[in-house]
Amino acid sequence: MHPAFSVVFFTTATGAGYGLLALLGVLAGQGFVPPDFWLGIVGMGLALGLISAGLLSSAGHLGRPERAWRAFSQWRSSWLSREGVASVATFVPAGLFAIGWVFLGRTNGWVAIAGLLAAAGAVATVCTTGMIYASLKPIAQWHSRFTLPGYLIFSAMSGSVLLNALLQGFALGSTIVLAGCTLLTLLGWGWKLATYRYNDRLEIPTNANTATGLAGGTVRSLEWPHTEENYLLKEMGFRIARKHKARLRQITQVLAFALPVLLLIAALALRWPYAAVLSALAATVQFAGMLVERWLFFAEAKHTVTLYYGR
């Protein structure tokens, strides 16, 4: 019984990929990033590669992957369906932007418009992903004011750190970009600490009595409603020891936030190629830390259906 790694990797990879795509679409389209051939191939390849890898990994989480296309038809009522529609739609302007940048060597005119549309699609897709979890009222840890902004902040944070590593690798490093991704990482760290504080103080008003509508005593579950674990128990009924949770939170803060900040600050004081090495290391370490953070995000979630199982 554990959070599925496919979903953990999906949210981490697509968050970083969409963040990088949005920044490239805005900055390159406005002339802040030069239309260099190899920079375009590596940058757009990394952004679209992370997005594609994340989307493909999410298919492994489906019970019947061959029926995944049916999810697109529920966009009027389902945030999951809206996410699918937004993610596919974003590939159109992103593809045009990549073609204009890589094959035509330009990021102005209609290519700049395609870049802005790709950035807007990336932001919209991240919003729909966040709303999938923020809209779930039975899971109090997700149904809060911290979830959706957290998705946007972490996407911008990881995308900016990747962008900095990319520019530093091509000897195009910018002090503004370095300072910006450092500040975004600090913002993400503060937001994560605030989320931890909120979840630790969370008091869930529902119990076995209110869930069953029975009064006059304490309701206890004598046996499970069925003999095998179901999807909700596997994905949203995970039980993690308090000491393990505390240790994983520390690992998250070190890898996703503290160490990247120190590496980025050091990169500010050094010249190329040392700044490029530190920037690449910061991006790698942060991605590993965000995998731990996303695992905890799912592991700490508790669905109220677990009340029927005596938990």
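Tabulated results
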quantity	calculated
Residue tally, condition among the aliphatic types (A, V, I, L, M) and assigned to a loop (DSSP other than H, G, I, E, B), over the range 127-149	2
Complete set of residues in the range 158-193 that are open to solvent by less than 30 Å² (accessible area, probe 1.4 Å), over 23 Å from PRO273 (Cα atoms) and touching a helix residue (DSSP H, G or I) at 6+ places or on another chain (Cβ under 6 Å)	GLY188
Unmet criterion (only one of (1) in contact with a Ser or Thr (Cβ under 7 Å, 6 or more places away or on another chain); (2) open to solvent by less than 20 Å² (accessible area, probe 1.4 Å)) for ILE139	(1)
Residue ranges of helices (runs of 4 or more DSSP H) in the range 202-289 with at least 3 members under 22 Å from the mean Cα position of the chain (by Cα) and modelled with pLDDT under 95	231-236, 242-252
The range 83-126, subset in a loop (DSSP other than H, G, I, E, B) and not aliphatic (A, V, I, L, M), residue least open to solvent (accessible area, probe 1.4 Å)	THR107
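Condition check ((1) outside any helix (DSSP H, G or I); (2) within 19 Å of LEU117 (Cα to Cα)) across all residues:
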residue	(1), (2)
ALA13	no, no
GLY17	no, yes
ALA22	no, yes
LEU27	no, yes
GLY31	yes, yes
GLY45	no, yes
LEU48	no, yes
ALA53	no, no
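The values are calculated or read from the model by the stated rules, or taken from the named source; none is laboratory data. A quick note: this is a predicted structure, and the numbers were derived from the prediction, not measured. Don't worry about glycine lacking a Cβ; one is built from the backbone with ideal geometry, like all the others, and counts go over all protein chains shown. When the accessible area is computed, the model is the full protein with side chains, heavy atoms only, and any ligands, DNA or RNA have been set aside. Shrake-Rupley method; radii C 1.70, N 1.55, O 1.52, S 1.80 Å.
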